[in-house]
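Quick note: the coordinates plus some simple rules give every number you see, no bench work behind them. Here the structure is a predicted model, which means the values were calculated and not measured. Note that each Cβ is placed from the backbone with ideal geometry, even for glycine, and that neighbours are counted across all protein chains shown.
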Amino acid sequence: MGNYRSSPMCRHCYERGHTKNHCPEIKQAAADGEQWAMNIIERQKQTVKNRKCSYCGEQGHNKRSCIHRKSDKIVYDRVGKKFIEESLKELKANGVTVGSLISYSPSYGKTGTATVAYVTKIVSEDRAPTWRWLNKHFTENSRTGQMEYNRYLSNLQTRYPEDVFFTLQSMTGTGLGYWGDSEKCSVECEDFNREMGKSTPPRFKVVG
């Protein structure tokens, strides 16, 4: 059952569909020069003027009408989109697509045993940039948009988990995971690319 929200009721005329702040009867009376209505309108203006936005901290508006929030979201979405595009591009450049075969060596447990697994899916939806990527991105772009991005991020009630990742399915039914005893595992893009860039033998190797 969906949530039902009744329309507001005006505390002046008791009509539904608007509040006292937007009552057409008060506005018309003020326009006609009636002092009581003009006083109400003036008090409303002062209330709005003294109102402090919970998003940016400035006075004169609320969070819903905040222009900084709207422009910050544009920056936030643009940066997030760029992160996803670059992550997917880097994975593809390293040979990772759905169906790719990857030799995997666990960090602990059966460290000397490599297991061949295949990529079952690549997850990029509802994923956020990592701290390392953000730092690199804003450094390369003279910190342009960093304040706006961080302000929007700090006001989010729910944050997306970081990094694009792909899932692996063992060809032998085991050998994956932290201890090398799992059938399936997830690998984050940043961890994979960092391993591929090591001078020492990496834990991952694309073999097909």
Expected 222 nm ellipticity per residue - DSSP helices of 4 or more, -39500 (n - 2.57), all of the chain, to 500: -12000 deg cm²/dmol
Among the GluC sites (Glu not before Pro) in segment 112-197, which ones are in a DSSP loop with at most 12 other Cβ atoms within 10 Å of the Cβ? Mind listing them? 125
Let me check I've understood the local charge: for residue 23, count other residues with C-beta under 10 angstrom from its C-beta, Lys and Arg +1, Asp and Glu -1. What total comes out? +1
Build a GNM of the chain with springs between Cα atoms under 10 Å: which of 196, 38, 171 gets the top mean-square fluctuation? 38
Sort largest first and round to whole Å: the equivalent ellipsoid semi-axes of segment 7-94, each the square root of five times a Cα gyration tensor eigenvalue. 46, 15, 9
Helix runs (DSSP H) in the chain reaching 30 Å along axis by Cα, Kyte-Doolittle at least -1.0: 67-93
When the chain is treated as a GNM, springs tying every alpha-carbon pair under 10 Å, which of 37, 117, 128 comes out with the largest mean-square fluctuation? 37
Would you work out the charge dipole size for segment 84-208 about its Cα centre, treating the Cβ of every Lys and Arg as +1 and the Cβ of every Asp and Glu as -1, and quote it to the nearest 20 debye? 220
With Kirkwood's inverse mean 1/r over C-alpha pairs for Rh, give me the Rg to Rh ratio of segment 23-175, two decimals please. 1.30
